[in-house]
1. Out of segment 322-335, which residues are open to solvent by less than 50 Å² (accessible area, probe 1.4 Å) and of a type outside the set (S, T, N, Q)?
2. Could you go through segment 178-199 and let me know if any residue there is crowded, with 23+ Cβ neighbours inside 10 Å and among the charged types (D, E, K, R).
3. Select from segment 253-271 the residues that are within 22 Å of the chain's Cα centre (by Cα) and acidic (Asp, Glu) and write down the one among them that is farthest from Glu212 (Cα to Cα).
4. Looking at segment 240-280, which of its residues are among the basic types (Lys, Arg) and in contact (Cβ under 8 Å) with a residue 40 or more places away in the chain?
5. Hey, can you tell me all the residues within segment 225-250 that are closer than 27 Å to Tyr203 by Cα and open to solvent by 50 Å² or more (accessible area, probe 1.4 Å)?
6. Restricting attention to segment 31-53, and to residues there that are part of a helix (DSSP H, G or I) and over 24 Å from Leu21 (Cα atoms), which single residue is most open to solvent (accessible area, probe 1.4 Å)?
7. I'd like the full set of residues that are among the small types (Gly, Ala, Ser), out of contact with any helix residue (DSSP H, G or I) (no Cβ under 9 Å at 6 or more places or on another chain) and open to solvent by less than 70 Å² (accessible area, probe 1.4 Å), limited to segment 294-316.
8. The conditions are (1) open to solvent by less than 30 Å² (accessible area, probe 1.4 Å); (2) touching a residue at least 60 places away in the same chain (Cβ under 8 Å); (3) under 15 Å from the mean Cα position of the chain (by Cα), and Ser222 fails exactly one of them. Which is it?
Amino acid sequence: MGYRVDQKIVIVTRPTQMGELRKKFNTPAQAKFQMVSAAKRELSRQPAAPSSAKINELAEMKFRSVESASEQYDQSVQQLRRDLDFGDFDLPIQAIDREFLPNFVFGPADIIVTVGQDGLVANTAKYAIGLPIVAVNPDPLRIDGVLLPFSTGQARDAVQRVLQKKAKYREVTLAEATLADGQKLLAFNELFIGARSHVSARYQLSVAGKTEPQSSSGLLVSTGAGSTGWLSSVFNMAAGVISALGKSPPVSSIKLGWEDSRLFYVVREPFASKSSRADLVAGILDAGQEITVESDMAANGVIFSDGIESDFLEFNAGAIARVRTAAGKALLVVA
């Protein structure tokens, strides 16, 4: 079977907790010692601390659980590589860690296989607009996987259906933030616009012809896929406040479909003062509509997406961001 000469399979992986520990402490033995010691200290500080023997047992169990999860993940990645390298695909396979995604250049005909939790799908999708993503759950006993329709053993068949043009897809709307200098950042779940630390973010927000200065904990712009994530926590907070005041009915969280072309924006903890207002705090952006945010922060202003703070746009005084629905969509292969 012949395929495009520029086509390849890209396996996107993530570091395991055990892998991070080994990287930090150099050897498996030292990693185990540090983790078990930390677990013992944590257990011994509990109000009704168990006996020393029980503390040792629980600490060892915690380590074995982390070790087992890491082994399961590594086995899944190895199995995937064997399955995808076997038979008549005759395609090159390249594996990359998620930390290299911002600088990785996907080919126009690449097929992407993600191996990890839902967050890995979100992190990958915004760098691979329009490319098919086969999302694999490497450990169904530990990972729920809302975005992960395939087990490790099903991945080869899913890739084969993509190659044979028989695959079914689900399109996912993305959000886009663009700066005046042309820099752009996409989001699968949500964009965060605000300050890097816990200090107040200061900016000018413009929506539908209205503009106001704001001081807040930052601005969230959520897609349909992200409406059950970070955005839902804002609604939970609002519902809790209303409930504490004896008001009803409680605030219901908005839920948009993954394919919905609309976005929802909300200002986190807006503060009203002589120099800031809190009238434009939430709303829906229809397809083609945008909000404009102008930074009033001297330093530490940022825009990042999907909770990945290390991949960000600087957003300091004078910078202007336009946020809208992205033109391209993520393409998830479904079972």
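The values are calculated or read from the model by the stated rules, or taken from the named source; none is laboratory data. Note that the structure is a prediction, hence the values are computed from the model and not measured. Methodologically, a virtual Cβ is constructed for each residue, glycine included, from the backbone with ideal geometry; neighbour enumeration extends over all protein chains shown. Note: areas computed on protein heavy atoms with side chains; ligands, DNA, RNA excluded. Shrake-Rupley method; radii C 1.70, N 1.55, O 1.52, S 1.80 Å.
1. Taking segment 322-335 first, the residues open to solvent by less than 50 Å² (accessible area, probe 1.4 Å) are 323, 325-326, 328, 330-334.
Residues satisfying the conditions are Val323, Ala326, Gly328, Ala330, Leu331, Leu332, Val333, Val334.
2. Scanning segment 178-199, I find at least one residue that is crowded, with 23+ Cβ neighbours inside 10 Å and among the charged types (D, E, K, R), so the answer is yes.
3. Initial filter on segment 253-271 (within 22 Å of the chain's Cα centre (by Cα)): 253-268.
Restricting the remaining residues to those that are acidic (Asp, Glu) gives 259-260.
On the way: Glu259: 31, Asp260: 28 Å.
Across segment 253-271, the extreme among qualifying residues is Glu259.
4. The first filter runs over segment 240-280 and keeps only residues among the basic types (Lys, Arg), leaving 247, 255, 262, 268, 274, 277.
Selection gives Arg262, Arg268, Arg277.
5. Across segment 225-250, the qualifying residues are Thr228, Trp230, Ser233, Asn236, Met237, Val241.
6. The first filter runs over segment 31-53 and keeps only residues part of a helix (DSSP H, G or I), leaving 31-44, 52-53.
Next, only the ones that are over 24 Å from Leu21 (Cα atoms) stay: 52-53.
Working: Ser52: 90, Ala53: 73 Å².
Per the stated criteria, the residue is Ser52.
7. To start, the set of residues in segment 294-316 that are among the small types (Gly, Ala, Ser) comprises 295, 298-299, 301, 305, 307, 310.
From what is left, the residues that are out of contact with any helix residue (DSSP H, G or I) (no Cβ under 9 Å at 6 or more places or on another chain) are 295, 298-299, 301.
Passing the criteria: Ser295, Ala299, Gly301.
8. (2)
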